[in-house]
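What follows is a short report on a single structure.
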């Protein structure tokens, strides 16, 4: 509380201004006091009263009535004894959490058993009241009743400059709470240019209105600006400063395609992503994750294209933006299968074998994802077997024959089948034949004479020749 101004012979009442609150429903504190000749202050205990229409108090409490714009003040039970030794008497008033409004006028309502009291004994300014009891002839039972009238309470300050977020055909407007100047704000009104408005009022169980509201019914593509006005029991504030310009647009819609084409390593791939709504001028970027190796995203068209080089699934979160502030994301998963599993040599033939000779041949495959499995259908030549993991046919044939059979080759994707696009071929069956020849038959060779045998033959021939020559000589 502000101290009394110590002027001899004057009673002082302080009515604090800057109180921009209606009195109705408020709590007022008051203290009755007087000072003796030795300047010692004597006072009663502070008392509180809740103001309401036409409140009547007992004479012990020095009020007759308090209304929304005035206080009737009594100086009761004045007698010559109590006033003879006093320098000044009066009352101090205050309002918890606020201040009284400025004093407009004071009017004498009633004077009893007091001579010479008139308006010249009353002084006041915006903040204080002085009641001068000097040179008064006061009798027992004297009473003075004054009516103190206050100026109308000020309106709130203007709210803060609104912040606006535009949506599809509407705008969300928010603002800072202004100084209410002592009287609670009961409503805010948002005014849009070229149109649109909304209000925010006190709702049940709340003491102040919300500092935001939603303006609906706006035209998409049309720019708007907004101001806010605050209202209390006295009236409307000045409008706030105008907001920045905003333009409502339809909501931006962006989602991954319902169906993503099948693809595999080495196969050309194209996937078009498309945003709608918003303000147009869309751009696209990878917000997180990645595309399969070999694929790229066009930031202007939203086309994912290229030729995959690595098998497996890849997930990327794509961010689409329009040319204002709207944006949306979509998750895209592209699964790349490996190359087709093939037996690359068309009409591949296996080499023949021979009974009793070791045999080894392999079925050549390409593509897919190793390791492979090989499954035999039919029979191999006797003595030969198929390795189910390498595709090698080995062994030693035991029988001359020609066998025709088929082999089914399957790859291993190294990924759950559910994760694959199933665009590639993962199983192939090829027919083969192997001919096993018999052991060849060799004829017995013609005997060749030995050296001893040749010698006997030569000697016999010589002896025969000598005998023939002798016989001829005898005949001659």
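Residues in the stretch 254-267 that are loosely packed, with under 14 Cβ neighbours inside 10 Å and in contact with a strand residue (DSSP E or B) (Cβ under 8 Å, 6 or more places away or on another chain) were compared, and the one that is farthest from residue 166 (Cα to Cα) is 261. Which ones in the stretch 255-276 are under 21 Å from the mean Cα position of the chain (by Cα) and in a loop (DSSP other than H, G, I, E, B)? Passing the criteria: 255, 256. Of all the residues in the stretch 363-393, those that are buried (at least 16 other Cβ atoms within 10 Å of the Cβ) and assigned to a strand (DSSP E or B) number 4.
Exactly one residue out of 221, 192, 196, 169 is loosely packed, with under 14 Cβ neighbours inside 10 Å, farther than 30 Å from residue 103 by Cα and touching a residue at least 12 places away in the same chain (Cβ under 8 Å), and it is 221. Applying the criterion of at least 2 residues that are under 30 Å from residue 245 (Cα atoms) and out of contact with any helix residue (DSSP H, G or I) (no Cβ under 9 Å at 6 or more places or on another chain) to the strands (runs of 3 or more DSSP E) found wholly in the stretch 294-362 leaves 312-321, 327-337. Of the strands (runs of 3 or more DSSP E) contained entirely in the stretch 146-254, those carrying at least 2 residues that are within 32 Å of the chain's Cα centre (by Cα) and either at pLDDT below 95 or closer than 30 Å to residue 124 by Cβ (or both) fall at 163-167.
Set side by side, the residues 406, 427, 418 differ, and just one is at pLDDT below 90 and either surrounded by 12 or more Cβ atoms within 10 Å (Cβ to Cβ) or in contact with a helix residue (DSSP H, G or I) (Cβ under 8 Å, 6 or more places away or on another chain) (or both), which is 427. Assigned to a loop (DSSP other than H, G, I, E, B) and at pLDDT 95 or above, is that true of residue 279? Against the criterion (assigned to a loop (DSSP other than H, G, I, E, B) and at pLDDT 95 or above), residue 279 does not qualify.
Residues in the stretch 268-284 that are surrounded by 15 or more Cβ atoms within 10 Å (Cβ to Cβ) and farther than 30 Å from residue 219 by Cα: 269, 271. Here the stretch 331-349 is the region considered, the condition is being surrounded by fewer than 19 Cβ atoms within 10 Å (Cβ to Cβ) and in contact (Cβ under 8 Å) with a residue 24 or more places away in the chain, and the residue that is farthest from residue 282 (Cα to Cα) is 349.
Are any of the residues in the stretch 310-330 without any contact (Cβ under 8 Å) to a residue 24 or more places away in the chain and farther than 22 Å from residue 273 by Cβ? Among the residues of the stretch 310-330, not one is without any contact (Cβ under 8 Å) to a residue 24 or more places away in the chain and farther than 22 Å from residue 273 by Cβ, which makes the answer no.
The values are calculated or read from the model by the stated rules, or taken from the named source; none is laboratory data. Worth saying up front: this structure is predicted, and the values here are computed from it rather than measured. Quick reminder, even Gly has a Cβ in these numbers, built from the backbone with ideal geometry, and neighbours come from all protein chains shown.
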